[in-house]
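J.: Quick one: this structure, given as structure tokens, is what I'll be asking you about.
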Amino acid sequence: MQRSADTRLPVATSVLLQRLHDEIPADRFTLNWLMHSLQKRSFGIIMFLLALVAIAPGLSIVAGLLLAIPAFQMITGKTAPVFPRRIATHPLPTRYLAAVLQRTVPVLRYLEHLVHPRWQTPLDATKRAVGAVVLMLSVTLVFIPLPLSNVVPALAIALLSLAYVEEDGVSSLDCPVHCLDHVIGGSRRGLGNGHWDKMDDWSLVTSGEACC
């Protein structure tokens, strides 16, 4: 009976990431280890973490290229991300992932009041739609070379990935429309003015209006 109840109530993403933080290898980890630890949530959480990395100045292009890999695989219907062997087995410093997780978990606990399981949608269709939107947003991370232009697409990917992981059908359907419209509008303003109009976009995303 207890097992049935556990099946019906998925573990919150903040709880899963806290466990990941507690179990991470001492010195170095690999993407293979990360994907094995996340199991069926690997797509959403890996994209979420990469989106957080993409916010950092100077890392958005690399993160955008890496985001395109799982996004394309979601469109093609893969069950889990598959990275090139050289990337998947390359040792990465644990301290960076531990720092990201430590800062992310408290924020997730707040966001989970806004993004939570509701209105479940067909898994395959949702996966492909989310993958398509993330792929388009990752292109903006790579090919729009405007100051601070990485912030809004990266936050949008993070929120959409969280909605996908939490099986929030409302946010998963609503977020792509608002995020793409806002990013395209911001790109036009930025190209016209020579800079990215950041403040309005930042407030919209962080307030939750973009996706919730």
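The values are calculated or read from the model by the stated rules, or taken from the named source; none is laboratory data. Computed from a predicted structure; not experimentally measured. Reconstructed Cβ throughout: ideal geometry from the backbone, glycine too, with neighbour counts over all protein chains shown.
J.: Among the residues of the range 50-69, is there at least one that is on the phi > 0 side of the Ramachandran plot and modelled with pLDDT under 85?
T.: Yes, because at least one residue in the range 50-69 is on the phi > 0 side of the Ramachandran plot and modelled with pLDDT under 85.
J.: Another question, then. Quick one: in the range 10-39, which of the residues that are out of contact with any strand residue (DSSP E or B) (no Cβ under 8 Å at 6 or more places or on another chain) and β-branched (Val, Ile, Thr) is surrounded by the fewest Cβ atoms within 10 Å (Cβ to Cβ)?
T.: Once the filter is applied, the top-ranked residue is Val11.
J.: Which residues, taken from the range 39-48, are in contact with a helix residue (DSSP H, G or I) (Cβ under 8 Å, 6 or more places away or on another chain) and more than 19 Å from Val107 (Cα to Cα)? Full working, then the answer.
T.: Restricting attention to the range 39-48, the residues satisfying the condition of being in contact with a helix residue (DSSP H, G or I) (Cβ under 8 Å, 6 or more places away or on another chain) are 41-48.
Scanning the range 39-48 gives Ser42, Phe43.
J.: Would you confirm whether any residue within the range 38-48 is of a type in the set (Val, Ile, Thr) and farther than 15 Å from Tyr164 by Cβ? Break it down into steps so the answer makes sense when it comes.
T.: First pass over the range 38-48, keeping only residues of a type in the set (Val, Ile, Thr): 45-46.
Subsequent filtering for residues that are farther than 15 Å from Tyr164 by Cβ retains none.
So far as the range 38-48 goes, no, none of its residues is of a type in the set (Val, Ile, Thr) and farther than 15 Å from Tyr164 by Cβ.
J.: Taking the range 58-77, which residues are of a type in the set (A, V, I, L, M, F, W, C) and closer than 17 Å to Ile45 by Cα? Step through it out loud before you land on a result.
T.: Applying the first criterion (of a type in the set (A, V, I, L, M, F, W, C)) to the range 58-77 yields 59, 61-63, 65-69, 71-72, 74-75.
If the condition is that a residue be of a type in the set (A, V, I, L, M, F, W, C) and closer than 17 Å to Ile45 by Cα, then Ala63, Leu65, Leu66, Leu67, Ala68, Ile69, Ala71, Phe72, Met74, Ile75 are the ones that fit.
J.: Looking only at the range 28-80, filter to residues that are part of a helix (DSSP H, G or I), among the β-branched types (Val, Ile, Thr) and over 14 Å from the mean Cα position of the chain (by Cα); which one of those is nearest to Val133 (Cα to Cα)?
T.: Out of the qualifying residues, it is Ile75.
J.: Can you confirm whether the range 191-203 contains a residue that is at pLDDT 85 or above and buried (at least 21 other Cβ atoms within 10 Å of the Cβ)?
T.: Checked the range 191-203: no residue is at pLDDT 85 or above and buried (at least 21 other Cβ atoms within 10 Å of the Cβ).
J.: Which pairs turn up if I take residues in the range 118-142 that are surrounded by fewer than 22 Cβ atoms within 10 Å (Cβ to Cβ) and look for partners that are assigned to a loop (DSSP other than H, G, I, E, B) and modelled with pLDDT under 70 with beta carbon separation below 9 Å, at least 6 apart in sequence or on another chain?
T.: The qualifying pairs are Thr126/Gln120; Ala129/Thr121.
J.: Pairs under 8 Å by beta carbon, first residue under 24 Å from Val107 (Cβ atoms) in the range 49-78, partner of a type in the set (Ser, Thr, Tyr) and part of a helix (DSSP H, G or I), six or more apart or different chains?
T.: Leu49/Thr104; Ala51/Ser161; Leu52/Thr104; Ala54/Ser60; Gly64/Ser138; Gly64/Thr140; Leu67/Ser138; Ala71/Ser138
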